[in-house]
Amino acid sequence: MIRVFGALTIGLVAFAGVAQARSAPDGFAPLVEQLSPMVVNISTEKPLRGNARKPEAAVPFVLQRSGAASPSRSLGSGFVIDPSGLIVTNNHVIEGAREITVGLHDGTRCGAKVVGRDEKTDIALLRIVNAKPLAAATFGDSDQAKAGDWVLAIGNPFGLGGSVSAGIISARNRQLDAELYDDFIQTDAAINHGNSGGPLFDMEGHVIGLNSALLSPTGGSIGIGFAIPSNTVKTVVAQLKLHGRVRRGWIGANVLDVAPGSHGALIGHVTPGGPAAKAGLLAGDVVKRIDGADVADSLAMQKLVVESQIGRKLDVSVVRKGKARALTVPVARRPD
């Protein structure tokens with residue numbers, strides 16, 4: 001049985017008429033040397049039920065929670081995004097932890113505090129205090145990442161720390177039945193238990209993904225790992241820095257995909273009295289554009305809405321019974 005786990009707490013030949021592909025790199029050592037100081041190991045102590053055990057790269061979805069309460073330790077990864085000590089990781093790496101310890105590349109270990117976390121996207125932001133500024137990673141544009149691009153994953157698989165794996169982006173826009181942001185980068189770079197929260201780097205040294213899950217019949221890497229796109233991470237982290245939580249946009253409309261091969265998002269239901277209803281949006285409308293951005297499908301529309309600033313008014317282009325219409329829909333705060 002194949003299961004989806006949180007990957008956690010522990011020369012192409014150019015043919016005539018075909019675009020010239022970039023050749024494989026001779027090696028990754030210079031890039032690894034540059035990027036490794038930006039990646040951290042994370043260990044947590046959690047008050048779980050069961051017998052006490054040594055630190056392990058545990059899988060949160062299958063943890064046994066029966067028996068007497070006793071502390072359990074788990075291991076994961078993260079990366080620095082600000083020299084002052086801000087660190088990004090997965091929420092499932094630190095969820096429920098009573099103590100969080102961050103291990104830096106130079107061997108320094110620091111206690112960490114949670115700045116904010118978001119269960120829906122599985123993203124958390126931590127802060128540590130260090131005597132000197134830290135090497136910080138920069139986010140790339142995940143929308144520009146393409147299947148076939150080379151990538152590097154650096155993290156703490158099975159508690160080994162500082163481990164590097166290389167591969168390519170296998171696919172984009174993978175759906176794993178996540179609640180809101182079901183849009184993952186798939187990679188064949190080895191993602192194992194303990195890699196969760198670590199960065200997926202492109203060949204420019206930019207973070208284009210947050211390693212979060214793997215698909216495996218055994219729980220070990222078989223070359224099917226998943227990362228949250230960096231553009232989603234950037235949006236969520238910005239709100240966690242400001243509010244400690246994510247305030248999502250909402251217009252009060254349920255959306256569905258239109259017929260296969262068609263472009264747009266179909267309005268399936270409009271909440272009475274909600275922003276969409278007051279703006280005149282109706283069930284059966286097909287949304288084509290929002291604020292000038294094309295709406296390819298229901299997922300694209302959902303992302304555009306939930307990432308919109310509360311109070312903003314969206315210019316929405318729809319087709320209703322074959323005729324184009326323009327509406328202005330205000331964005332309210334999504335109910336928790």
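The values are calculated or read from the model by the stated rules, or taken from the named source; none is laboratory data. As the structure is a computational prediction, the values presented were derived from the model and not from experiment. No Cβ is skipped: glycine too gets one built from the backbone with ideal geometry, and neighbour counts run over all protein chains shown.
Over 13 Å from residue 255 (Cα atoms) and touching a helix residue (DSSP H, G or I) at 6+ places or on another chain (Cβ under 7 Å): is that true of residue 287 in this structure? No: the conditions fail for residue 287. From the list 19, 68, 14, 57, pick out the single residue that is small (Gly, Ala, Ser), buried (at least 22 other Cβ atoms within 10 Å of the Cβ) and at pLDDT below 55. One residue alone meets the criteria, 57.
Residue-wise test of (1) modelled with pLDDT of 90 or more; (2) in contact with a strand residue (DSSP E or B) (Cβ under 9 Å, 6 or more places away or on another chain); (3) over 22 Å from residue 323 (Cβ atoms).
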| site | (1), (2), (3) |
| --- | --- |
| 185 | yes, yes, yes |
| 190 | yes, yes, yes |
| 198 | yes, yes, yes |
| 202 | yes, yes, yes |
| 211 | yes, yes, yes |
| 216 | no, yes, yes |
| 265 | yes, yes, no |
| 285 | yes, yes, no |
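Note on segment 141-159: residues that are part of a loop (DSSP other than H, G, I, E, B), surrounded by fewer than 24 Cβ atoms within 10 Å (Cβ to Cβ) and more than 16 Å from the chain's Cα centre (by Cα) total 4. When segment 75-111 is limited to residues that are acidic (Asp, Glu) and not in a loop (DSSP other than H, G, I, E, B), the one that is modelled with the lowest pLDDT turns out to be 99. The residue list 214, 210 contains one member that is under 19 Å from residue 37 (Cβ atoms) and buried (at least 24 other Cβ atoms within 10 Å of the Cβ), which is 210.
Here residue 168 passes the criteria (1) outside any loop (DSSP other than H, G, I, E, B); (2) surrounded by 17 or more Cβ atoms within 10 Å (Cβ to Cβ) except the one numbered (2).
Does any residue of segment 297-308 turn out to be buried (at least 16 other Cβ atoms within 10 Å of the Cβ), on the phi < 0 side of the Ramachandran plot and at pLDDT 95 or above? Explain how you work it out, then say what you get.
Quick first cut of segment 297-308, residues buried (at least 16 other Cβ atoms within 10 Å of the Cβ) only: 297-308.
Subset that is on the phi < 0 side of the Ramachandran plot: 297-308.
If we keep only those that are at pLDDT 95 or above too, we end up with none.
Checking segment 297-308: not a single residue is buried (at least 16 other Cβ atoms within 10 Å of the Cβ), on the phi < 0 side of the Ramachandran plot and at pLDDT 95 or above.
Which of the residues that make up segment 172-187 are surrounded by fewer than 20 Cβ atoms within 10 Å (Cβ to Cβ), in a strand (DSSP E or B) and either on the phi > 0 side of the Ramachandran plot or of a type in the set (Phe, Trp, Tyr) (or both)? Residue satisfying the conditions is 173 alone.
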